[in-house]
Amino acid sequence: MGPPPVVTGISPKEGPPGTRVTIRGEFLGTGATDLIGLKICGCDCLLSAEWKSRNKIVARSGPCKGRGDIIVTTRSGGEGTSTVQFRGYHESIGPVKESAVWVEETAPPALPWGRRPMSPTAYTPPDPLGLSTEGDDYKFPEEELNELFPDGSGKLTDENFQPGWYLLEHHSNTSFEDLKAGLVFLQRKVEGQKEGQLSFLKANTGAVMDQLDRLVLLKNMYEDDERKNGREPLPSLQAAIEESISLADSLFSEILSRKENADKTREALSMLTRHKFLFQLPASIDKNIKKKEYDLVVNDYTRVKNLFGNTDVKLFQKILDEIDKKIEDLKENLYMRMKTMPCNVQEQTKYIRLLISLNWEGDAAWEAVSSRHQYLMALLNKVKDHFKLKEEQENSEKGKRKSRDDSGVSWGVGRGSWCACASAALSRELHALWPLARRYFAGELAGRPTDPQRHAELKEMIIAAVELFSEHMRYCLMGGSGAAGALPPDTLRTRLLANLAHLREAYESLLKLDLPSQPLAIVEKVIFEYRVHGMSVFLQRALRRVKALSGLETWKVQDFTDYGAITGLPHLLESYIEEALSCISKCVLPCGRRETPLLAEHSPPLLTLHKQTEQILMAFVSVLEGLVLDHEEEFDNSSLSILLEQSVEDSPESGSRSWQQKLLIANANAHYTRKVILDRVADAFQSYSVMPPLAGLKASREALSSLETRIGEQYIEQKGDPLVGTIEPSMFVGRHQPLTMPTDARPYVYEIINNLIAVHAEVDSICGPSSSRYVRDICETVCEEVSRLAATPLSRTAAFRARLDCALLRLACSEHLTRKAESYLIEALAGLPPLDNEEDKKRMDNLIQGFKKRMELQLACLNCNVETI
């Protein structure tokens, strides 16, 4: 900003209202537009000001009275100061006072005796002291005279004449001796006037006598005239005058009418010239409105109202009515322009100031704020309708909807554009609405005092707009989780990150506006909900992929572990959960500015994460269960003889797997998942600094353990029941034949051993070290059946044969016998008579040794792992 203006001189220094004043000084503005204020004695004189240069301004004084400063205000320097003062006064206009009046352009009539009146200002009374003041240029200040004689005057003819005033005004430099001489002159003059009446008569005796003669002559002439015309000569004189007037009118009527018309024309032209600004203002207003120079219209309208606002001239009133009508139309036009959107804040502020300057009846600034709010609400709804219509058109072109969310709207690429457009619209319009409202409440744009209730109304406007934005964003981003989860992971991550970035950009823009906390909290909640929604989308996608594992199982062994041969299902479960956690960590777990941590301890999102993770794990348990327990196949006993010839490597395809083998593989998958995969899942959670779902992991372990038990029971039931069912028929084959001393075990013993070998081979090929529990349980069932079928033999030979069968069966299953199985065999042997003679004992030992030699390979297969063989 430049230096302030300084007024150092004026000319003239006093005058009545309307005096043309020349103002001189320094820094009086850089141009006409830089001059924004001029006050003379406190009266605003800007309308009449003419900027000449940086050091000169010409203006006319206003209706001021008394002394006052001249204050100049400029844009570049602000309000200035003054070192001089102007004195304003009001003059009373009388018959002898010169005044600016409208007079006829004709010469004044001459006096009947040929003389012109003397101007009253041309007569100056002589000095009563007889002293001359020529050469004395000093004048005593009038202000001091007014202070010394507040109720007096220095004029000789005034009633309140004060001699002191007269002496100070005319003889302030006269010496005392001269004043004494003047006093003597005044005394002689007064005495001379007292003696002058008689001497006057003496000196003018002839003239007095002549005047008396004239008076006598006038008396005689009056008497003669009275005798001739009577006492009342006025009626005849009046008739003669009227006759002469009538005759003159008949002679000069046409000339006088032309003169009257010429006078009217001249008067009209003079009026047009004098008031050219008023008469040309309607056309000027139309011209400036067409050029959109509304400031000029306002300035001209303010000026014409100041000059002619209280006029009584009907012509002026008619023109003012026309101007008022145009101004009313302009107000309506400005109001519509202010409310029509889109409109930038600068233009809207300009329209507000113009409406305030034109004294618009409404509250222009508040109307602008309301229109901004309505436009923002309509814009958000328009964005929503546009993208919904676009999605419907895309779906109709495709002919069918392939990807739908719960609300029936397909998830298209336009959802991201919707989020971007809505966020940009909210940010842009609030950046216009909020500063405009703040300027309104600060009083910068209010033409009247603001209503305190409008603070609450503005807050409701902001909250309504933010809530509508939040509602649309929930519908746009969180209304189609099912369809969004079906997208490829890279695409899903990209869209989630892009949408989250748009929401955070909108939130950052609101933070810059310094809005109240309530609308900010609404956007914070939307961002937080969308982060939770994104987490749920990734977990739901993992859940669907886990549920679809049943269709991906080929029963091809991918790895041999300490828990048996497993397929790819456990590793797929681990990879799905790992991928979901990775996406959550990259996309939604990082916090933005002033955002709440997503997975804080005991927070609802963390509980949701644990719950959905538990659902994924339990879904995997259901998949394993459904693969083997919900599709039972009829068991074929004839397959037992073939199982010895099959191995895992010989049958990699699912079509060659028997249902019993699938049971074992599923059991191995469950066991491996329980022992290894669940621990890795917990480690994955910790690697991303997230608390593991301990309750879900515990429940999953219990479910997997229960599933393993049920699968084992199912397998034992399917394998043990057919095997046990063959014992009784084989045991009593040939019972009606004559009994002879046995030389070998009966066939059912060999059948039991071969079936156990087949089961052991199948289980060991899939379950590895954990296969013994299946063989133990089947051996226990076999021993129980043998004990049940054993009866007290009637002969020595039958008892020997039964004891031999139990001994050989015990020898073959020695590695797999449990205490319970041992008790069953002991119970069976207890019912047999003991071997009393040495011959039977020796025979028994020989038969057992021979059995060992013959069945060495079979016994090794039954009591050792397949890998050892």
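The values are calculated or read from the model by the stated rules, or taken from the named source; none is laboratory data. Note that the structure is predicted; figures quoted are calculated from it, not measured. In this analysis, Cβ positions are derived from the backbone assuming ideal geometry, glycine residues included, and neighbour counts consider all displayed protein chains. Keep in mind that these areas ignore ligands, DNA and RNA; they rest on the heavy atoms of the full protein, side chains included. Shrake-Rupley method; radii C 1.70, N 1.55, O 1.52, S 1.80 Å.
Each row is one residue, and each column tells you yes or no for (1) modelled with pLDDT of 90 or more; (2) over 20 Å from residue 499 (Cβ atoms).
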{"position": "576", "(1), (2)": "yes, yes"}
{"position": "596", "(1), (2)": "no, no"}
{"position": "616", "(1), (2)": "yes, yes"}
{"position": "636", "(1), (2)": "no, yes"}
### Query
What pairs can you find where one residue is in the stretch 233-248 and part of a helix (DSSP H, G or I), the other is open to solvent by less than 60 Å² (accessible area, probe 1.4 Å), and their Cβ atoms are less than 9 Å apart, with a gap of 6+ or different chains?
236/230
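Yes/no matrix, rows are residues, columns are (1) within 20 Å of residue 471 (Cα to Cα); (2) outside any helix (DSSP H, G or I); (3) in contact with a Cys (Cβ under 6 Å, 6 or more places away or on another chain); (4) modelled with pLDDT under 75:
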position	(1), (2), (3), (4)
400	no, yes, no, yes
406	yes, yes, no, yes
421	yes, no, no, no
436	no, no, no, no
440	no, no, no, no
444	no, yes, no, no
454	no, no, no, no
### Message
When the residues of the stretch 794-829 are narrowed to those that are over 23 Å from residue 851 (Cα atoms) and modelled with pLDDT under 75, which ends up nearest to the chain's Cα centre (by Cα)?
### Response
794
## Note on the structure
Picking from 266, 227, 274, 258, the residue that is surrounded by fewer than 10 Cβ atoms within 10 Å (Cβ to Cβ) and not hydroxyl-bearing (Ser, Thr, Tyr) would be 227
### Message
Taking the criterion of being closer than 14 Å to residue 128 by Cα, touching a helix residue (DSSP H, G or I) at 6+ places or on another chain (Cβ under 8 Å), at pLDDT below 85 and assigned to a helix (DSSP H, G or I), would at least one residue in the stretch 200-207 satisfy it?
### Response
no
### Message
Looking only at the stretch 565-587, filter to residues that are in a helix (DSSP H, G or I) and over 38 Å from the mean Cα position of the chain (by Cα); which one of those is nearest to residue 555 (Cα to Cα)?
### Response
569
#### Entry: Positions within the stretch 1-19 being out of contact with any Pro (no Cβ under 8 Å at 6 or more places or on another chain) and not in a strand (DSSP E or B), in sequence order
1, 2, 3, 4, 5, 12, 13, 16, 18
### Task
Just one of (1) at negative phi; (2) open to solvent by less than 20 Å² (accessible area, probe 1.4 Å); (3) not β-branched (Val, Ile, Thr) trips up residue 90, so point out which.
(2)
### Residue list for the stretch 20-50, filter: assigned to a strand (DSSP E or B) and open to solvent by less than 70 Å² (accessible area, probe 1.4 Å)
21, 22, 23, 25, 35, 37, 38, 40, 43
### Query
From the list 539, 510, 581, which residue is touching a Pro at 6+ places or on another chain (Cβ under 8 Å), buried (at least 21 other Cβ atoms within 10 Å of the Cβ) and closer than 25 Å to residue 477 by Cβ?
510
### Message
The conditions are (1) in contact with a helix residue (DSSP H, G or I) (Cβ under 7 Å, 6 or more places away or on another chain); (2) without any contact (Cβ under 8 Å) to a residue 12 or more places away in the chain, and residue 580 fails exactly one of them. Which is it?
### Response
(2)
### Query
Can you tell me which residue in the stretch 158-180 is most open to solvent (accessible area, probe 1.4 Å), limited to those that are in contact (Cβ under 8 Å) with a residue 24 or more places away in the chain and of a type outside the set (Asp, Glu)?
173
### Query
In the stretch 844-857, what residues are farther than 19 Å from residue 751 by Cβ and open to solvent by 80 Å² or more (accessible area, probe 1.4 Å)?
845, 846, 849, 853
